[in-house]
Every structure is written in structure tokens, then in C-alpha cells.
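The structure appears right after this line, and notes come after that.
Throughout, read-outs are computed from the coordinates displayed, never taken from laboratory work. These figures come from a predicted structure and were not determined experimentally. Glycine gets a Cβ as well: all are built from the backbone with ideal geometry, and neighbour counts include every protein chain shown.
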Amino acid sequence: MRIILIGPPGAGKGTQCQRLVDYLRVPHLSTGEMLRAAVRAGTAEGLAAAHFMAQGQLVPDPMILGLVTKRLEAADCRDGCLLDGFPRTLPQAAMLDDLLDCRAMSVDGVIELAVPRDELVHRMLARKREDDNPEIFAKRIASFEVQTAPLLDYYKRQGKLASIDGLGTADEIFNRVREALRRLKRDSYQG
Ligand code: AP5
Ligand code: MG
């Protein structure tokens, strides 16, 4: 299965993907993690991305597309993958569709983790990632609302969206994620 997790910063995309990796037995592709690894390694891509990430802005689409294309072509992604934090803009979503289409593949389902802003801020304050400070976090949330939220409608129109409540314990949310996956599977069989 090829599943996308969408949600604002701190929604729990990474947390749920850690559980889904064992459940679905497919690799976890987080563009945020890939970028942080590139920054740590000091690659040209990392150096170029660091400035945007530190400002809470999205890294330009072409840079992301390069990273993701390489990764999606790897053998371990042949039977599926979990996409966390990608796509994040409509052009990225269109590019993903093209990329998969050329290989007779497609996105099977999109899970939205909906979490109120107060809780996101609370989670962010409890964590210590470099881009987790109130000012930058507000920019990341704004970027989600303006650039990424339109993807919800994009996938809803394709009948691929399952929106779930992202409040509760990580295990409670994982149960909802599994239920959403079952629903998506059932609906896709029924056409
Ligand atoms: P990215 O790494 O994707 O960050 P993000 O979207 O801001 O999301 P986070 O990783 O902060 O949150 P999450 O939803 O994964 O939640 P988590 O499970 O960690 O992107 C970082 C930057 O990279 C972007 O700003 C951008 O610059 C760039 N970038 C990345 N992808 C890009 C793309 N496609 N295009 C352009 N630029 C891109 O949980 C958060 C915290 O809450 C954790 O401490 C966790 O322990 C805790 N938590 C999780 N679940 C619960 C729960 N149920 N209850 C209480 N606490 C919980
Ligand atoms: Mg994450």
C-alpha cells in the first residue's frame, strides 16, 4: 500500500508512521527526516535546504522532488511506502501522481491527522527540535494551512481521504488509523 499521512506540524505523522512500518511492512519516507539527514551530512542539498527549514518555510519543490524520486525508485518501495510530510503542495501532489503513473502505481489512501492548534503548540513546547520554537512553529502552521491544506480537497475528490481525530494517546490514534485503512481498502474494492 502507498499511504500518505497529512497533518500540521506536531500532528503525530512520524509517531504513527513508526507504528505503521511494522503493521504494513513498508518503509517510512519522511521528507523532513531526509532533509535533516542531508543538513547533518553537510551535502549541497542540505546546505540549500537548511535556510528554509530554519525559517519554517517549505523547501522549494524541485529540491524535494529530487530527494523523493530517488527514494521511491529504490527496491524496498516497490510494494508500497508510507509518505510522511510529502506531498505538501499541489505541484508536489501532481508530480507524485505522474511519477507513480509512469510505473503503473498509485496512491492508495491519504490519512489526515486533525489536531487543534493549542495541542500542537503544547506538543511542540515539550519537544526540542531545532525548528520547534514558538515563532518558527507559527510559520510552519501557517505554511500547512496555506500550502498543504488544499491537498485535503484534492484527495477527497479522488475518494482517497480518511480524516481522523488526532487527539488522544498514540495507541488510541493508531487504532483509528488502522480502522481508516480498513475503510479505505473496503471502499477501493467497491470502486
Ligand atoms: P517535517 O519534519 O515534516 O515536520 P512537520 O510537518 O512540521 O511535522 P513534525 O515532524 O514536527 O510533526 P509530526 O506530525 O511528525 O509529529 P510527531 O510524530 O513528531 O518538516 C520539517 C521541515 O522540513 C518543514 O518545515 C520544511 O521546511 C521541510 N520540508 C519537509 N518536507 C517538505 C516538503 N515535502 N516540501 C517542502 N519542504 C519540506 O509528534 C510531535 C510531538 O508530539 C512529538 O514529541 C511526539 O512525541 C508527540 N506526540 C505524538 N503523538 C502524540 C499524542 N497522540 N499525544 C501527545 N503527544 C504526541
Ligand atoms: Mg515528523
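Which residues make up the longest stretch of the chain clear of GluC sites (Glu not before Pro) that lie in a DSSP loop with no more than 16 other Cβ atoms within 10 Å, not counting the sites? For GluC sites (Glu not before Pro) (loop position, at most 16 other Cβ atoms within 10 Å), the longest site-free span of the chain is 1-72.
For Glu112, the residues 5 or more places off, or on other chains, whose built amide H falls under 5 Å of its own are Ile6, Ala162, Ser163, Ile164.
Checking the cross-link pairs Lys160/Lys185; Lys13/Lys160; Lys70/Lys156 against a 19 Å limit on the alpha carbon distance flags Lys70/Lys156 as lying beyond it.
GNM on the chain, alpha-carbon springs under 10 angstrom: the most fluctuating residue among Asp84, Asp108, Asp153 is Asp153. Under a model in which nothing but the beta-carbon of Lys, Arg (+1) and Asp, Glu (-1) is charged, segment 1-109 shows a dipole of about 280 debye around its Cα centre.
Derived scalar couplings between HN and Hα for segment 73-79 equal 7, 5, 4, 5, 9, 4, 9 Hz in order, rounded to whole Hz, by the Karplus curve 6.51 cos²θ - 1.76 cosθ + 1.60 (θ = phi - 60°), x for Gly and Pro. Net charge in the neighbourhood of Pro60 (other residues with Cβ under 15 Å of its Cβ; Lys, Arg +1, Asp, Glu -1) is -1. Working note: Debye formula, equal point scatterers on the alpha-carbon atoms of segment 87-191, no solvent; log10 I(q)/I(0) at q = 0.14, 0.21, 0.24 Å⁻¹ is -0.70, -1.21, -1.30. Counting only Cβ charges, +1 for Lys and Arg and -1 for Asp and Glu, the dipole size of segment 94-140 around its Cα centre is about 300 debye.
Which distance in nm do the two modelled labels at Arg127 and Arg78 give, with both placed 7 Å along the Cα-to-Cβ direction? Distance between label points: 3.3 nm.
Each of Val39, Thr89, Val68 was placed along the dipole of the chain (beta-carbon charges, centred on the mean Cα), and the one lying farthest toward the positive end is Val68.
State which stretch of the chain is the longest one without any exposed trypsin sites (Lys or Arg not before Pro), exposure meaning a DSSP loop state and at most 14 other Cβ atoms within 10 Å. Answer - 130-191.
Distance between the 7 Å Cα→Cβ label points at Thr69 and Glu172: 4.4 nm.
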